[in-house]
Amino acid sequence: MTKQYDVAVIGAGAAGMMCAAVAGQRGKSVVLIDHAGKLAEKIRISGGGRCNFTNLGATPANFLSQNPHFCKSALSRYTPQDFLSLIKRYRIGYHEKHKGQLFCDSSSEDIIDMLKSECELGHVTWRMPCAVDAVGKEGELFRLDTDSGAVLARQLVIATGGLSIPKIGATDFAYRIARQFDLDVIAPRPGLVPLTFDGAGWQAFAELSGIALEVEVETGVKKQKGYFLEDLLFTHRGLSGPAILQISSYWQEGAPLVLNLLPQIDVAETLIEGKSTLKKNLGNLLAQWLPTRLADGLLKANGFDGAARIADMQDKQLRALGQALNGWSIKPAGSEGYRKAEVTLGGVNTKELSQQSMMANKVPGLHFIGEAVDVTGWLGGYNFQWAWASGVAAGNALN
């Protein structure tokens, strides 16, 4: 039996549930469809199970897109404070962990339960698990052929996300629908993802696995340049931690990363000026600034003798050491891919969409929100804020 609604939302994640709730509470008849058997798994696993649900400092500057101005409208109309008001209404405990990142005190389930309740307030109809086999037009209506019967809707919202973490159900559904309706898609690629290095070249550093420290990391040039001061983690296969996850979204294949392992110290200048007073050898001095295992590993990898006395070294050698520590240039071989990526870069080209309503300019009634769109946030709650903001923008525009 075919059922008709004002709005069909495909994808019951952060953006989809927010959009459905807003539209439903505005009096629209809404059906929310998802192929997964478990609701909002990406919310559930985020933030170590406590959901980093927004960032107090979220601004358009924290997002990547081929059209960086696109996100301004939605983000300005639904801010972190707006989402906090919703959190407080449900009396969900939260805390700030680091650099404006807000987490639930208890569990990500609190956010999922809140969004479910908001959908219930809007009398949203659920179809889950429910696979959508085909999307088409039937006159002015969208027709969805699903494994639980056909659905007709005047407005269709695609909120199925990107390709990240396929084990919890990520698919390319949004891109297929966009292309079906002749909308341009910016080529997707993994974002916020650990980077890997060639086996032989990385061998000298593999034994440093487990070491973490705060570093400066940068890559790219001009408008494509990314820079972060964050924690770095050495792994057996390469580099990870917030510093690498952040810079990975800016990294282009074949380009180097530049790492400053001692951002607070100009190593060359300090060593050259201290030659007459520093009585220690290189290894002992660096162990005051860096974890001993890292200091030893870096000296060895760069051909320095840790037992050498600083006073006996040439200025040229000390400058080379300074460059190795303050400006370590290293070229990744690739990334850990969608399996480990927290988000997907790229997506539906924002030039195809209205920044006010998230509707496709040439397909009236068809909307794309959340991660399906070419808007990607930094690590730290920004992508959830985009999900809420774009979901609200579409939810308020559905007529």
- Task: Keeping to segment 20-52, report how many residues are at negative phi, open to solvent by less than 50 Å² (accessible area, probe 1.4 Å), assigned to a helix (DSSP H, G or I) and in contact with a Ser or Thr (Cβ under 8 Å, 6 or more places away or on another chain).
- Result: 3
- Task: For segment 69-81, state whether one or more residues are of a type outside the set (A, V, I, L, M) and assigned to a strand (DSSP E or B).
- Result: no
- Item | Pair list, Cβ < 9 Å and 6+ apart or interchain, from segment 9-35 residues that are without any contact (Cβ under 8 Å) to a residue 24 or more places away in the chain to residues that are outside any helix (DSSP H, G or I) and open to solvent by less than 10 Å² (accessible area, probe 1.4 Å) | Gly27/Gly122
- Selected residue (criterion: nearest to Glu41 (Cα to Cα)) from residues of segment 114-141 that are open to solvent by 60 Å² or more (accessible area, probe 1.4 Å) and without any contact (Cβ under 8 Å) to a residue 12 or more places away in the chain: Glu120
- Message: Would you confirm, using the coordinates I've provided, whether Leu213 is aliphatic (A, V, I, L, M), in contact (Cβ under 8 Å) with a residue 40 or more places away in the chain and farther than 29 Å from Asp34 by Cα?
- Response: yes
- Does Gln4 satisfy being in a strand (DSSP E or B), open to solvent by 40 Å² or more (accessible area, probe 1.4 Å) and either touching a strand residue (DSSP E or B) at 6+ places or on another chain (Cβ under 7 Å) or among the aromatic types (Phe, Trp, Tyr) (or both)? yes
- Within segment 274-290, can you find the residues that are open to solvent by less than 50 Å² (accessible area, probe 1.4 Å), within 28 Å of Ala206 (Cβ to Cβ) and either among the polar types (S, T, N, Q) or in a loop (DSSP other than H, G, I, E, B) (or both)? Asn281, Leu290
- Note on the structure: The correct count of residues that are within 36 Å of the chain's Cα centre (by Cα) and modelled with pLDDT under 95 in segment 257-279 is 0
- Can you give me the ranges of the strands (runs of 3 or more DSSP E) entirely in segment 84-198 with at least 3 residues that are touching a Phe, Trp or Tyr at 6+ places or on another chain (Cβ under 9 Å)? 94-96, 101-104, 132-138, 149-158, 185-191
- Query: Quick one: would you say Leu271 is open to solvent by less than 50 Å² (accessible area, probe 1.4 Å), outside any loop (DSSP other than H, G, I, E, B) and under 30 Å from Asp315 (Cα atoms)?
  - Reply: yes
- Query: Are there any pairs, at least 6 apart or on different chains, whose C-beta atoms fall under 7 Å, with the first in segment 94-110 and farther than 24 Å from Thr59 by Cα and the second part of a loop (DSSP other than H, G, I, E, B) and among the small types (Gly, Ala, Ser), and if so, which?
  - Reply: Asp105/Gly93; Ser106/Gly93
- Task: Would you check if there is a residue in segment 257-264 being aliphatic (A, V, I, L, M), out of contact with any helix residue (DSSP H, G or I) (no Cβ under 7 Å at 6 or more places or on another chain), crowded, with 20+ Cβ neighbours inside 10 Å and in contact (Cβ under 8 Å) with a residue 12 or more places away in the chain?
- Result: yes
- Message: I'm trying to understand the selection: among the residues of segment 205-235, which are at pLDDT below 95 and either in contact with a Gly (Cβ under 9 Å, 6 or more places away or on another chain) or in a strand (DSSP E or B) (or both)?
- Response: Phe205, Ala206, Glu207, Leu208, Gly220, Phe234, Thr235
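The values are calculated or read from the model by the stated rules, or taken from the named source; none is laboratory data. The structure presented is a predicted model; accordingly, all values stated were derived computationally and were not measured. Note that each Cβ is placed from the backbone with ideal geometry, even for glycine, and that neighbours are counted across all protein chains shown. All accessible areas refer to the heavy atoms of the entire protein, side chains included, with ligands and DNA or RNA removed. Shrake-Rupley method; radii C 1.70, N 1.55, O 1.52, S 1.80 Å.
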